[in-house]
Structures are given as C-alpha cells and as structure tokens.
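What follows is a short report on a single structure.
A short reminder: the numbers here are calculations on the coordinates, not readings from a lab. Note that the structure is a prediction, hence the values are computed from the model and not measured. Here the Cβ positions follow ideal geometry from the backbone for every residue, glycine too, while neighbour counts run over all protein chains shown.
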Amino acid sequence: MASQDRMAIPVGDLFRGWGRVLTGYCPSISIEITRECPLHCPGCYAYTPERFHSRGSMQSMPEYRGQALIDGVLALVREHRPLHVSIVGGEPLMRMRELDVMLPRLTEAGVAVRVVTSAVREIPACWSRLDGLSFAVSVDGLEADHNARRAPATYDTVLHNIQGHSVILHCVVTGQMARRPGYFDEFLAFWSERPEVLRVWFSLYTPQIGEHTPEVLSPKERAGVLEALAALRPRFPKVELPDAVIAGYLEPPASPRECVFARWVPAFAADLVTRITPCQLGGDPDCLQCGCMPAAGLKSLGDYRLLGLLPVRSVARASTALGETTRRWRRDGTRDRGVSEV
Ligand code: SF4
Ligand code: SF4
C-alpha cells in the first residue's frame, strides 16, 4: 500500500465529524495495522527512517498479531471514538485473520471502515456483506507502469482479487504520468469499464521538502494534470474530483499548522502508539506541493468564510483547541463512555 495512498478518506465524513472535534475526539483515525508488505515498490517512502523522525524506522517498530492486534485496534477506536477508520499498512491484507474478526466488530458498532490495499490478496467474499466497509485499491497508473512497480500485485492480480466487491480505485499521480500525453484518458478507459470500480480518485504525489525525484510534478505539470482530469469528468463519471478538491490542489495548505486534515486525522504506526506526524505521510512533507485529496478538500472548505466573516479554518482551529480542553477535563474528571460496543 503506497505510503501516499493512505490519504483515502472522504472529505464529507470529516466535516460531518466536526461535532466530534468539539468534544475532544477525532472524526477519523488511520491505523497502520502492520509494517509488513510483500511489495517492493521503487522509492517506497514508508520504510525510510526519516518518516518517523528520530523514533527509528518502520521495520524497527514493534507490531502486534492475533488477539493482541485485534484488542489494540479496538482499544484505539474506543479511545478516539472516530466516525471513520482507515486501516492501512504496510499491506493490511497481510493480517487477514485479524481483519476477519475486527472488521465486523467495528462496522457493527457503526464505525465506517476503509481498508486501503494493493489487493495483493483476494478480498474475502463475506466482507462485501459488512455495512460500512469500503476498500480503496491502489493502482500506479497504466498496466505496464503499475506491473513494473507493484508486482506481484499486477493488474491481473488486482482484477482477480477485487471480484465481487465494489471498490474505490485510487491513483497517486506522479511526474512520469503527467509527462505522457493522453495518460489519464487511457487509464480511465480501462478502469471505468470495470463493474467492480465504484469510483476513481486521484491524488498528486507529495514530495518531502527538498525532494527532486522524477515523481515530483512541476507547478506547470500539476496544473496540466488537473485541467486534463477536470475535462475527463463528463466522459468518465466514476471520477470523483470535486472542484473544491481541485482548488485545494492548486493552493494547498502552507504548512501542517494550516492543514485541517493533519489536525483532525491522527495516524498511528504499527506499534499502535506512535503518532505519525505531521500527517500520515510522516517526515517533512512539502505542504506547498501537497497532493492529498482530503487535505485539499478541507483546505478549500477551510478558506470558505462562515457567514462571510470567519474562515472555516479558524473555526476548525478553535474547535480543536476547545476539544482538547474538553478532553483534558474528561481525563481529569469522570471517564465518559467510549464506543463501548466495539
Ligand atoms: S505497497 Fe508496500 S512497498 Fe509499495 S509503497 Fe506501499 S508500503 Fe511501500
Ligand atoms: S498539507 Fe502538509 S500536513 Fe497537510 S496533508 Fe499535505 S503534506 Fe500533510
């Protein structure tokens, strides 16, 4: 699961969760349930030591299995009471047996769950019956590019493993894709026809500060990609790329402090304790080149002025502060009930 694919969180759900923020909880959390991944994508950032700052690399982090993992994830959800949980990795399907227990527990408790995966393993048919469970499947562009990067999770494997499910197809646009004319037309012609694909999402590659790799898009390439994707929307209605998200991509948050998404969606590493900061990407991401879909959507909404006066971003910041105070009071006083059904 590409380190940038984990940003697959619905913006609408985050705003619906505003009340959660006011009471000191989070609308959404992201949990890396394992550090294991059978793929070896070139340039994978997930395993670099910088990602966790001075706290060591992902490989050096303890992780849980079996009942300990199930209990740990459910305890995190009870503590933070999110409306939405993203289950990410590594590759989350490496913990199939644990997911088989925890997914019904979470969805039955009313928590919306999204498993973000490379679909390197077959998604069990019985999971399609769980209300509130969805899948974001990562695809790295056209077949030749994807297969070269993601084997053994090739196009054929993905198509086989998502059979019987409705998934969101998520592609992180890189500079290499942006430089090839007609790339997204071809990509969408293939995936839009698949009955298993419910929607198609596009994020843009977000570099670390000072990164100069072929994946990074220049400002001109970035604008060109967004124009091309916007123009493709009428022909490929499965593309979900609202104008608000495009506006956010064109003018991302200036820093993590300005990023409502980073504040509202804590990401936990495989030890189920370490918070990945400043956002799910970790390290020192270049916010001015951010291509994270929910961050872009919330940035646009954040710039919107409530009653024509206060930017939503300021209200969100004040809400977070108020929520943190509420949380402190709660900790100091009586313990209130969490999502105890989980
Ligand atoms: S799928 Fe695995 S190897 Fe590839 S980018 Fe994601 S975590 Fe890294
Ligand atoms: S704006 Fe910065 S902090 Fe927010 S998601 Fe993008 S890279 Fe992360």
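Lys and Arg at +1, Asp and Glu at -1: add these up for the other residues within a Cβ distance under 14 Å of P49 and post the number. Spell out each step's value before the answer.
Working: positive: R35, R51, R55; negative: E50, D284.
My count for the surroundings of P49 gives +1.
How high is the relative contact order of region 41-114, given as a whole-number percent (alpha carbon pairs under 8 Å, six or more residues apart)? Spell out each step's value before the answer.
Working: 49 pairs, mean separation 20.7, N = 74.
Here the relative contact order equals 28 percent.
List the relative contact order of region 117-189 as a percent without decimals, with contacts defined as Cα pairs under 8 Å and 6+ residues apart. Don't skip to the end; give the middle numbers.
Numbers: 77 pairs, mean separation 28.9, N = 73.
Result for region 117-189 is 40 percent.
Quick one: T213, T117, T34, fewest Cβ neighbours within 10 Å first, how do they rank?
Numbers: T213 13, T117 27, T34 23.
Result, fewest neighbours first: T213, T34, T117.
Give me, ordered by chain and number, the residues 5 or more places off L133 or on other chains with an amide H under 5 Å from its own placed amide H.
It is V113, by chain and number.
Please order C290, C44, C26 by the number of other Cβ within 10 Å, starting at the fewest. Don't skip to the answer; put the middle values down first.
Details: C290 27, C44 15, C26 23.
With the sparsest Cβ surroundings first, the list reads C44, C26, C290.
Quick one: I209, I33, fewest Cβ neighbours within 10 Å first, how do they rank?
Numbers: I209 11, I33 28.
Lowest to highest Cβ neighbour count: I209, I33.
Under 5 Å between amide hydrogens, which residues at least 5 positions from V173 or on another chain qualify, with H placed 1.01 Å from N in the peptide plane?
S203, L204, Y205
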